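Quick notes on the structure that follows.
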Amino acid sequence: MKNCILFTTKHGSAEKAALSLKEKLNTETDIINLKNVENPDISNYDTVILGASVYIGKIQKQMRKFIGDNLNELLNKNIALFIMAGQKEKAQETLYNAYPSKLSDHAFAKEYFGYEMILEKMNFLEKTATKAQGVTESKSEIMHDAIEKMANHINEL
Ligand SMILES: Cc1cc2nc3c(=O)[nH]c(=O)nc-3n(C[C@H](O)[C@H](O)[C@H](O)COP(=O)(O)O)c2cc1C
């Protein structure tokens with residue numbers, strides 16, 4: 001069994017979650033940032049975990065493109081999906097809408113891994129939008145229990 005975690009991030013929280021997941025997996029796991037490697041070859045992996053963060057309702061375009069270009073191959077693998085998203089109360093709906101329904105229906109695990117809002121990492125517009133939502137200080141709420149749950153699920157495959 002060989003795993004691959006493919007992720008996209010803007011400010012790093014999806015990468016932190018991806019690294020934490022990798023640490024908890026007990027089979028060989030490669031980890032790839034789709035912003036650095038555009039269309040990695042996934043033919044050698046049994047399980048592919050896709051993770052991205054949500055901005056204005058959408059995951060990063062590099063993740064959407066990768067999925068669009070490789071959907072048939074992905075549908076022949078064990079798939080797990082996660083998102084990072086700031087709106088906790090809408091997390092399940094956001095998770096469901098983030099990935100194409102064919103892939104989401106095929107996935108054996110789907111988890112919301114929490115979020116980080118680090119004001120110092122944001123540009124002026126992001127900071128303004130974030131403050132307008134009532135967030136006035138940086139926050140980190142990465143959900144380690146959800147990461148553990150997905151890791152256990154993958155380790156049981
Ligand atoms: C400008 C901006 C827009 C965002 N839009 C959404 C959104 O539509 N829905 C949501 O749940 N979270 C939203 N968030 C919160 C991010 O998803 C959250 O901060 C996430 O952890 C960022 O992940 P990253 O560090 O991997 O880029 C937004 C954050 C910023 C700064």
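The values are calculated or read from the model by the stated rules, or taken from the named source; none is laboratory data. Keep in mind it's a predicted model, so treat the numbers as computed, not measured. Positions of Cβ are generated from backbone atoms using ideal geometry, with glycine treated the same way; all protein chains shown enter the neighbour counts. Accessible surface is based on the protein model in full, side chains and every heavy atom, while ligands, DNA and RNA are left aside. Shrake-Rupley method; radii C 1.70, N 1.55, O 1.52, S 1.80 Å.
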query: Of all residues in the range 106-129 being of a type outside the set (A, V, I, L, M, F, W, C) and free of Cβ contacts under 8 Å to residues at least 24 places away in the same chain, which is farthest from residue 9 (Cα to Cα)?
result: 128
message: Could you check the range 1-34 and list, in sequence order, the residues that are open to solvent by 30 Å² or more (accessible area, probe 1.4 Å), in a loop (DSSP other than H, G, I, E, B) and either away from the ligand (no atom under 11 Å from the Cβ) or within 14 Å of residue 151 (Cβ to Cβ) (or both)?
response: 1, 2, 26, 27, 28
field: Selection within the range 71-92 - among the small types (Gly, Ala, Ser) and away from the ligand (no atom under 15 Å from the Cβ)
entry: 80
- prompt: Identify, please: which residue in the range 40-69 is small (Gly, Ala, Ser) and over 11 Å from residue 6 (Cβ atoms) and is, among those, nearest to the ligand (Cβ to nearest atom)?
  reply: 53
- prompt: Does the range 101-147 hold any residues that are surrounded by 17 or more Cβ atoms within 10 Å (Cβ to Cβ), among the charged types (D, E, K, R) and not in a strand (DSSP E or B), and which are they?
  reply: none
message: For the range 101-157, give me each residue that is more than 10 Å from the ligand (Cβ to nearest atom), within 17 Å of residue 84 (Cβ to Cβ), out of contact with any strand residue (DSSP E or B) (no Cβ under 9 Å at 6 or more places or on another chain) and among the charged types (D, E, K, R).
response: 145, 148
